[in-house]
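To start, the structure itself, in structure tokens.
The values are calculated or read from the model by the stated rules, or taken from the named source; none is laboratory data. Source: prediction; values computed, not measured. As a convention, Cβ positions derive from the backbone with ideal geometry for all residues, glycine included, and neighbour counts pool all protein chains shown. In case anyone asks, the SASA skips ligands and DNA or RNA and just uses the protein heavy atoms, side chains included. Shrake-Rupley method; radii C 1.70, N 1.55, O 1.52, S 1.80 Å.
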Amino acid sequence: MDEAPLVIGTCKLTSRLIIGTGGAANLAVLERALVASGTELTTVAMRRADAEGGSGVLELLRRLGIELLPNTAGCRTAAEAVLTAQLAREALGTDLVKLEVHADDRTLLPDPIETLDAAERLAADGFTVFAYTNDDPVLALRLEEAGCAAVMPLGAPIGTGLGIRNPHNIELIVSRAGVPVILDAGIGTASDATLAMELGCDAVLLSTAVTRAADPERMAAAMRAGVVAGRLARGAGRVPQRFWAQASSPPR
Amino acid sequence: MEIKLNGTWTEFPDGATVAAVLDATGGQRPGIAVAVDGVVVRRADWPATAVPKGAAVDVLTAVQGG
């Protein structure tokens, strides 16, 4: 049941699970979780560097052969996000960027106006833009028109673990998208990741659900299996739901 | 002159370049990027770019996140 890799810009992914590195207790825990997840693409954040140098996460990801997806987390405006993306490109030598512009600290919901503005500017500047967005089917199309390489609707706010609150919207986004759709944020457990793939998403991005689980390595393995299961089920064509029973044994 | 290095006013010799500022504060190491007054200065331009007096210099690197 081999299939073609998921291609986003220059990025070719065999694994459809993208992991965020935030929230892990330490690098050793993170390493075990990343290996168990099978991920090939992992987010990092850009922050002011102290004189002692890096956090070690870059060295870890390089050693594991995992591609970097720098994010613009913490940015509140399009201008901040564009500068952060440009700094990430300069520091890390990648055109990939996870564009996220948060409206406020309590919800961390994406600001749609600033996100769209930044997406247009970054796409014009040659970036491969992965746009974190609300589960808004109209906005998803607008982001695609702006030149985003992938749209990443949330299942629920970041870090809530509430799962996919509006599956119908995710299906609507998938049904009209001309670029890959990656379910990003809100995943709590493996069945949420499975549902995302069953709804037709091309990949799942999560971090908290793994890094803050009691056993991150085990949960990473669960997410890996969940994504594979959902992808297989989507391709297999599920039976229609019925109101009345339908015997699965022959009549007497 | 004083420049605002990662948010903290810091004293440097007049005419200090981006490269000199980095050398004095952790080195021109891989995995970092520099913005002066909100504009990225490419690594190749660090030795030749003088930091203006009073400029905001931000040195960023990748950390766990997202």
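Key figures for this structure:
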read-out	value
Subset of the stretch B:8-28 [surrounded by 13 or more Cβ atoms within 10 Å (Cβ to Cβ) and not hydrophobic (A, V, I, L, M, F, W, C)]	B:THR10, B:THR17, B:ASP23, B:THR25, B:GLY26, B:GLN28
Leading residue by the ranking (surrounded by the most Cβ atoms within 10 Å (Cβ to Cβ)) among those in the stretch A:180-225 that are assigned to a loop (DSSP other than H, G, I, E, B) and in contact (Cβ under 8 Å) with a residue 40 or more places away in the chain	A:ALA185
Residue count for the stretch A:103-120, restricted to those that are touching a residue at least 40 places away in the same chain (Cβ under 8 Å) and touching an Asp or Glu at 6+ places or on another chain (Cβ under 9 Å)	3
The stretch A:52-107, residues that are at positive phi and either open to solvent by 50 Å² or more (accessible area, probe 1.4 Å) or assigned to a strand (DSSP E or B) (or both)	A:GLY65, A:GLY74, A:GLY93
The lone exception for A:LEU232 - which of (1) open to solvent by 10 Å² or more (accessible area, probe 1.4 Å); (2) without any contact (Cβ under 8 Å) to a residue 40 or more places away in the chain it fails	(2)
Residues that are closer than 20 Å to A:LEU83 by Cα, facing chain A (nearest Cβ under 10 Å) and under 11 Å from the mean Cα position of the chain (by Cα), drawn from the stretch B:8-37	B:LEU22, B:ILE32, B:ALA33, B:VAL34, B:ALA35
Number of positions in the stretch A:21-49 that are facing chain B (nearest Cβ under 7 Å), at pLDDT below 90 and either assigned to a loop (DSSP other than H, G, I, E, B) or surrounded by 24 or more Cβ atoms within 10 Å (Cβ to Cβ) (or both)	3
